[in-house]
Amino acid sequence: MSKKLKILVFPDPKLRTVAKKITKFDKSLEKLSDNMLHTMYDANGIGLAATQVDEHIRLVVMDLSEDRNEPMVFVNPEYKVQKEHKLVEFEEGCLSIPGFNHNIARPDNIELKWQDLKGKEHEIKPEGMLSICIQHEIDHLEGKLMVDYVSALKRDRVRKRLLKEFKRK
């Protein structure tokens, strides 16, 4: 039975923690990924990094399908930008920054390497939404957030709004 985890919300300083590489592939990793998927679905998200649920390991879950039935799990994901690439802007949102969407320019052509829950290595060249989403989630693993792509003024406004909402709750 999966359980819902608490999603950290900006400006929580734990969101700035750089995640550690996973070296142990066991049942606890599978359980965490199940709980993360449950949490992501419950929050109506399409991606979630372990950092966002206060687990500072290199684990990402996603589901970009319309029916929400094609979960993907990436262990130790890393990407490199292809030489032949262009920047594409996409309006992104984030479960750790509720109510904030922003256009962010990211490379459209990357090579992605990761391991599955058993430790087997994989490699693809993702396109479109998958490419954007994996870059967003890997940012989380590096302690980087969407608000780092906006002006200090806008970032401060978002921080103040979320702090005010948190105090109300």
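The values are calculated or read from the model by the stated rules, or taken from the named source; none is laboratory data. All values reported here derive from a predicted model rather than from experimental measurement. Note: ideal-geometry Cβ built from the backbone for every residue, glycine included; neighbour counts use all protein chains shown.
Only one of the listed residues (LYS86, LYS6) is surrounded by fewer than 17 Cβ atoms within 10 Å (Cβ to Cβ) and under 29 Å from PHE166 (Cα atoms). That residue is LYS6. Of all residues in the stretch 115-134, at least one satisfies being more than 24 Å from HIS38 (Cβ to Cβ), assigned to a strand (DSSP E or B) and either of a type outside the set (A, V, I, L, M) or modelled with pLDDT under 95 (or both). None of GLU78, GLU70, GLU66, GLU89 is part of a strand (DSSP E or B), among the charged types (D, E, K, R) and free of Cβ contacts under 8 Å to residues at least 24 places away in the same chain except GLU89. A Cβ distance below 8 Å, combined with a sequence gap of six or more or placement on separate chains, defines the contacts here; from the stretch 15-38, residues that are buried (at least 19 other Cβ atoms within 10 Å of the Cβ) reach residues that are of a type in the set (Asp, Glu) in the pairs ALA19/GLU142; LEU32/GLU55; LEU37/ASP63. In the stretch 136-166, the qualifying residues are those that are outside any helix (DSSP H, G or I) and of a type in the set (A, V, I, L, M), and the one that is modelled with the lowest pLDDT is VAL150. For LYS160, the conditions (1) free of Cβ contacts under 8 Å to residues at least 24 places away in the same chain; (2) surrounded by 13 or more Cβ atoms within 10 Å (Cβ to Cβ); (3) of a type in the set (Lys, Arg) all hold with the exception of (2).
Somewhere in the stretch 46-53, is a residue among the hydroxyl-bearing types (Ser, Thr, Tyr), out of contact with any Phe, Trp or Tyr (no Cβ under 8 Å at 6 or more places or on another chain), part of a helix (DSSP H, G or I) and buried (at least 18 other Cβ atoms within 10 Å of the Cβ)? Yes, some residue in the stretch 46-53 is among the hydroxyl-bearing types (Ser, Thr, Tyr), out of contact with any Phe, Trp or Tyr (no Cβ under 8 Å at 6 or more places or on another chain), part of a helix (DSSP H, G or I) and buried (at least 18 other Cβ atoms within 10 Å of the Cβ). The condition of being surrounded by fewer than 17 Cβ atoms within 10 Å (Cβ to Cβ), of a type outside the set (Phe, Trp, Tyr) and out of contact with any Lys or Arg (no Cβ under 8 Å at 6 or more places or on another chain) holds for only one of GLU91, GLU78, GLU137, that being GLU91.
Would you call GLU111 modelled with pLDDT of 95 or more, within 13 Å of the chain's Cα centre (by Cα), surrounded by fewer than 16 Cβ atoms within 10 Å (Cβ to Cβ) and assigned to a strand (DSSP E or B)? It is false that GLU111 is modelled with pLDDT of 95 or more, within 13 Å of the chain's Cα centre (by Cα), surrounded by fewer than 16 Cβ atoms within 10 Å (Cβ to Cβ) and assigned to a strand (DSSP E or B).
Beta carbons closer than 6 Å, at least 6 apart along the sequence or on distinct chains, pair a first residue in the stretch 114-137 that is within 25 Å of PHE25 (Cβ to Cβ) with a second that is part of a strand (DSSP E or B) and of a type in the set (Gly, Ala, Ser) for CYS133/GLY47; GLU137/GLY47; GLU137/ALA49. Scanning the stretch 1-45 for residues that are of a type in the set (S, T, N, Q) and within 18 Å of MET72 (Cα to Cα) turns up SER2, SER28, SER33, ASN35, THR39, ASN44. Residue count for the stretch 1-42 under the criterion of being of a type in the set (Asp, Glu), closer than 27 Å to VAL158 by Cβ and in a loop (DSSP other than H, G, I, E, B): the result is 1.
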